[in-house]
Every structure is written in structure tokens, then in C-alpha cells.
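Only one structure is covered here, and it is reproduced in the block below.
The values are calculated or read from the model by the stated rules, or taken from the named source; none is laboratory data. Predicted model only: the values in this text are computed from it and were never measured. Heads up, the Cβs are rebuilt from the backbone with ideal geometry, glycines too, and the neighbour counts pull from every protein chain shown.
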Amino acid sequence: MTINYNNRGNQFFIEIVPNITDKGKFTGEYYLQISARKTNIDKESYEKLEQICQLGCAALSLMEQEEEFKENLIDYMMSPPEIDNDNEPAKPTIKDITENVITLEFNKEIKH
């Protein structure tokens, strides 16, 4: 499913710039850069979004220092998302069959 967002020209990027040798190998070093395109965002909102990017960069740096933090992030990344089944209709059970009439019973309420 594709979701289109109207960001009104405002975008924030965390760029990871890797250090690559002349032979094309990643050295393990990288630089983090925060870039922003702002067209119509107030100062307070800009600062909040910039802080989100700074937190993301800090998390990348912290996982280099703290193995347990890195393992927690990997576990989180690998865990499947929880599926919200509250709005799915209940599957009926057959309560009664009389001639050509089938009576169904729904035990679960549909929440809207």
C-alpha cells in the first residue's frame, strides 16, 4: 500500500556517508549528516523535528558503544509488528441448519 503524504515541502534527512577505500571496501567509519528542506514550518516545529533527527544520530552512535543497546535494536527490528484485529469482522459459527436456512452466530462485536 502506498501512502501519499503532503509534507508541504518540508523534509528532514539523516545521511550516512560511509568511508570507502579506493578498492570499494567499507572501512567501518561513517559520518552522519542532518539535512533539512524547510519551506513553511515555524521555528518551534523545526527544532522539534531536528531533535528527532539528532536522537536518531545519537542512537546510531550509541549502538557502536553499547552492545546491549544494539542487540535491543536488532531484536526490535526483527520482531513482527503487532496486527490490530479489533476492526476485523468476527468469523461466524453455524448455529443451526433448518432445511435451506443457515443460522450464523457472531461471538465478537465489531468495533468502529
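Quickly run through region 1-47 and pick out the residues that are among the aromatic types (Phe, Trp, Tyr) and either in a strand (DSSP E or B) or within 24 Å of ALA59 (Cα to Cα) (or both).
Our first condition is that a residue be among the aromatic types (Phe, Trp, Tyr); within region 1-47, this holds for 5, 12-13, 26, 30-31, 46.
Result: PHE12, PHE13, PHE26, TYR30, TYR31, TYR46.
Suppose we filter region 19-59 for residues that are under 26 Å from LEU73 (Cβ atoms) and in contact with a Gly (Cβ under 9 Å, 6 or more places away or on another chain); how many remain?
Within region 19-59, the first condition is being under 26 Å from LEU73 (Cβ atoms), and the residues that meet it are 19-20, 25-36, 47-59.
Still in the list and also in contact with a Gly (Cβ under 9 Å, 6 or more places away or on another chain): 19, 32, 34.
Residues in region 19-59 being under 26 Å from LEU73 (Cβ atoms) and in contact with a Gly (Cβ under 9 Å, 6 or more places away or on another chain): 3 in total.
Across region 32-47, what is the total count of residues that are surrounded by 10 or more Cβ atoms within 10 Å (Cβ to Cβ) and among the acidic types (Asp, Glu)?
Going through region 32-47 one residue at a time, the tally reaches 1.
I need the full set of residues from region 48-82 which are under 15 Å from the mean Cα position of the chain (by Cα) and outside any helix (DSSP H, G or I), in order please.
SER79, PRO80, PRO81, GLU82
Of the residues GLU29, GLU15, GLU50, which single one is within 28 Å of GLU64 (Cβ to Cβ) and either basic (Lys, Arg) or loosely packed, with under 10 Cβ neighbours inside 10 Å (or both)?
Just one listed residue meets the conditions, GLU29.
Going through LYS91, LYS70, LYS108 one at a time, which residue ends up being at pLDDT below 80, surrounded by 10 or more Cβ atoms within 10 Å (Cβ to Cβ) and basic (Lys, Arg)?
Step by step, each of LYS91, LYS70, LYS108 is checked, and only LYS108 is at pLDDT below 80, surrounded by 10 or more Cβ atoms within 10 Å (Cβ to Cβ) and basic (Lys, Arg).
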